[in-house]
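Right, one structure below, let's go through it.
The values are calculated or read from the model by the stated rules, or taken from the named source; none is laboratory data. Model, not experiment: these values are computed from the prediction. When we count neighbours, we look across all protein chains shown, and the Cβ atoms used for this are built from the backbone with ideal geometry, even at glycine.
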Amino acid sequence: MLVVVAMSGGVDSAVAAGLLREQGHRVVGVTLQLWPEQDAQRSVRHGGCCGLGAVRDARAAADRLGIPHYVFEMREAFERAVIAEFANAYAAGRTPNPCIACNEHIKFHALLDKARLLGAEALATGHYARIVRGPDGAPRLARAADPVKDQSYVLYPLRRGDLAWVRFPLGDLAKTEVRARAHGFGLALADKPDSQEICFVGPQGHAAVVGERVPEALRPGPMVDSTGRVVGTHRGIAHYTVGQRRGLGLGGPRPFYVVAVDAPRNTVVVGDVADLDAAACTLVRPNWLVDAPPPCGTPVSAKVRSGPALHPARLGPQDGDGLQVVFDPPLRAVTPGQACVLYDGDVVLGGGEIGAVRQAAQPELRRTIQVPLASS
């Protein structure tokens, strides 16, 4: 089988390529050149994926494995679909996850289409996830064997029809095993540290990226409590996200937390920690990876941020704004713009962007503050 492997310049994707070659497949490594030209040198300094340094490391790994390696130019698409949308989301009061957008628009949709044009029969990546078979024999996306490394959360936008095309060779391995296999393959990047930060964000932080593209997101404005009383001044809404405690510049006998970002009014709302408890959220534009959406009332496990934690929930009714997900018990710091992904055991049912959030303590607060949703 001819398999295209997306090689990011890290140890995971290199080992994925090595495992597939070891299994007897014909393997072609592909690295995406994603960074804008002006940021190319920064990618070398900060170890971002898919920059110049990543291309160098991926090519060296491919040479060591004895497989062809190609670089695909996708900088304009990455700027448009990932970086610009990242900035627009923060300017609208949401907190985006750019890895999800990159997987949706670049690494799987666009790259999978290119792989098919090359005559490939499968596309593989170094993500920690698994493809399993459902009762009907159809492929399903599932959590990795290692729950700490599991990345199924950021893969929920995969198209259901593409599940038969993708491969995740690391899904049954722990990170220690992956590094051991990298040493066994003789890869120079076997001990290369994992990338922990957003690849296109430098030392000045994400607000600098937002401010370059949407300057008004750095405009100061009022910081208010849940009653509307002004308690301070914020530095621009791009600096704030729901659940944030540090950097608010507020004194007092008790800590304050960001509980909402009201972009139309250029206002940051703060409150007590109890104000962060969410009873439910709306799932905007849900993407289902099963044959049909589960009916209202179905118990599910929900994940609202990267990490191993799953939380009990149930599906509520569909309304004009999207699908309701009800948390039982309430869940802390559910953040508009992040994803809520739903599971049945280890199997991903689907997911969507978090839109409106209904608070458990003060449900009227989020009803009066409308967070604009993504336009696409």
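So which of 192, 149, 175 ends up being over 16 Å from residue 348 (Cα atoms), out of contact with any Ser or Thr (no Cβ under 8 Å at 6 or more places or on another chain) and in the same structural domain as residue 106 (by TED's automatic domain parsing)?
Values: 192 fails: in the same structural domain as residue 106 (by TED's automatic domain parsing); 149 fails: over 16 Å from residue 348 (Cα atoms).
Selected residue: 175, the only one of 192, 149, 175 that is over 16 Å from residue 348 (Cα atoms), out of contact with any Ser or Thr (no Cβ under 8 Å at 6 or more places or on another chain) and in the same structural domain as residue 106 (by TED's automatic domain parsing).
Filter segment 34-88 for residues that are outside any helix (DSSP H, G or I), modelled with pLDDT of 85 or more and closer than 23 Å to residue 20 by Cα and give the result.
Listed by number, the residues that qualify are 66, 67, 68, 69, 70, 71, 72.
Filter segment 91-141 for residues that are farther than 27 Å from residue 31 by Cβ and aliphatic (A, V, I, L, M) and give the result. Before you say what the answer is, go through the steps one by one.
Our first condition is that a residue be farther than 27 Å from residue 31 by Cβ; within segment 91-141, this holds for 91-95, 132-138, 140.
Result: 91, 92, 132, 138.
Which residue out of 93, 126 is under 19 Å from the mean Cα position of the chain (by Cα) and under 19 Å from residue 171 (Cα atoms)? Even if it seems obvious, please write down each step before you answer.
Values: 93 fails: under 19 Å from residue 171 (Cα atoms).
Only one candidate passes the filter, namely 126.
Here's the yes/no breakdown for (1) crowded, with 20+ Cβ neighbours inside 10 Å; (2) acidic (Asp, Glu); (3) in contact with a Cys (Cβ under 7 Å, 6 or more places away or on another chain); (4) touching a residue at least 60 places away in the same chain (Cβ under 8 Å):
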| residue | (1), (2), (3), (4) |
| --- | --- |
| 131 | no, no, no, no |
| 141 | yes, no, no, yes |
| 160 | no, no, no, yes |
| 164 | no, no, no, no |
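Is at least one residue of segment 270-287 modelled with pLDDT of 95 or more, over 26 Å from the mean Cα position of the chain (by Cα) and surrounded by 18 or more Cβ atoms within 10 Å (Cβ to Cβ)?
no
Does segment 154-174 include one or more residues that are assigned to a loop (DSSP other than H, G, I, E, B), under 29 Å from residue 90 (Cα atoms) and of a type in the set (Val, Ile, Thr)? Reasoning before the result, please.
To start, the set of residues in segment 154-174 that are assigned to a loop (DSSP other than H, G, I, E, B) comprises 156-159, 163-165, 168-174.
Restricting the remaining residues to those that are under 29 Å from residue 90 (Cα atoms) gives 156-159.
Right, trim to of a type in the set (Val, Ile, Thr) and you get none.
Taking every residue of segment 154-174 in turn, none turns out to be assigned to a loop (DSSP other than H, G, I, E, B), under 29 Å from residue 90 (Cα atoms) and of a type in the set (Val, Ile, Thr).
Of the residues 137, 93, which single one is on the phi > 0 side of the Ramachandran plot, surrounded by fewer than 23 Cβ atoms within 10 Å (Cβ to Cβ) and not aliphatic (A, V, I, L, M)?
On the way: 93 fails: surrounded by fewer than 23 Cβ atoms within 10 Å (Cβ to Cβ).
Answer to the selection: 137.
Any residue in segment 233-255 that is part of a strand (DSSP E or B), surrounded by 14 or more Cβ atoms within 10 Å (Cβ to Cβ) and modelled with pLDDT of 95 or more?
Start the filter on segment 233-255 by keeping residues that are part of a strand (DSSP E or B), which leaves 233-234.
Those left that are additionally surrounded by 14 or more Cβ atoms within 10 Å (Cβ to Cβ): 234.
Within this subset, residues satisfying the condition of being modelled with pLDDT of 95 or more are 234.
Looking for residues that are part of a strand (DSSP E or B), surrounded by 14 or more Cβ atoms within 10 Å (Cβ to Cβ) and modelled with pLDDT of 95 or more, one finds at least one in segment 233-255, hence yes.
For residue 316, state whether it is touching a Pro at 6+ places or on another chain (Cβ under 8 Å), at pLDDT 90 or above, under 14 Å from residue 286 (Cβ atoms) and of a type outside the set (Phe, Trp, Tyr).
Working: touching a Pro at 6+ places or on another chain (Cβ under 8 Å): no; at pLDDT 90 or above: yes; under 14 Å from residue 286 (Cβ atoms): yes; of a type outside the set (Phe, Trp, Tyr): yes.
No, not satisfied.
Taking segment 2-37 on its own, how many of its residues are without any contact (Cβ under 8 Å) to a residue 12 or more places away in the chain and among the hydrophobic types (A, V, I, L, M, F, W, C)? Show your work before the answer.
Taking segment 2-37 and keeping what is without any contact (Cβ under 8 Å) to a residue 12 or more places away in the chain, we get 22-24.
From what's left, among the hydrophobic types (A, V, I, L, M, F, W, C): none.
Qualifying residue count for the region: 0.
Going by what's in this entry, would residue 103 be described as of a type outside the set (D, E, K, R), in contact (Cβ under 8 Å) with a residue 40 or more places away in the chain, within 23 Å of residue 197 (Cα to Cα) and touching a strand residue (DSSP E or B) at 6+ places or on another chain (Cβ under 7 Å)? It would help to see each step written out before you state the result.
Working: of a type outside the set (D, E, K, R): yes; in contact (Cβ under 8 Å) with a residue 40 or more places away in the chain: yes; within 23 Å of residue 197 (Cα to Cα): yes; touching a strand residue (DSSP E or B) at 6+ places or on another chain (Cβ under 7 Å): no.
No.
I'm trying to understand the selection: among the residues of segment 192-222, which are in a loop (DSSP other than H, G, I, E, B), touching a residue at least 24 places away in the same chain (Cβ under 8 Å) and within 25 Å of residue 151 (Cβ to Cβ)?
Taking segment 192-222 and keeping what is in a loop (DSSP other than H, G, I, E, B), we get 192-205, 214, 219-220.
Within this subset, residues satisfying the condition of being touching a residue at least 24 places away in the same chain (Cβ under 8 Å) are 192-195, 197-200, 202-203, 214, 219.
Passing the criteria: 192, 193, 194, 195, 197, 198, 199, 200, 202.
Of everything in segment 311-358 that's in a loop (DSSP other than H, G, I, E, B) and farther than 23 Å from residue 134 by Cβ, which residue is nearest to the chain's Cα centre (by Cα)? Even if it seems obvious, please write down each step before you answer.
First pass over segment 311-358, keeping only residues in a loop (DSSP other than H, G, I, E, B): 320-321, 333-338, 345-346.
Next, only the ones that are farther than 23 Å from residue 134 by Cβ stay: 320-321, 333-338.
Details: 320: 25, 321: 22, 333: 17, 334: 15, 335: 13, 336: 13, 337: 10, 338: 8 Å.
Selected residue: 338.
For the condition within 30 Å of residue 138 (Cα to Cα) and at pLDDT 80 or above, what is the one hit in 360, 339?
Working: 360 fails: within 30 Å of residue 138 (Cα to Cα).
So the residue among 360, 339 that is within 30 Å of residue 138 (Cα to Cα) and at pLDDT 80 or above is 339.
Restricting to segment 66-80, count the residues that are closer than 25 Å to residue 264 by Cβ and under 16 Å from the mean Cα position of the chain (by Cα). Reasoning before the result, please.
The initial filter retains those residues of segment 66-80 that are closer than 25 Å to residue 264 by Cβ, namely 80.
Adding the requirement that they be under 16 Å from the mean Cα position of the chain (by Cα) leaves none.
Total satisfying the criteria: 0.
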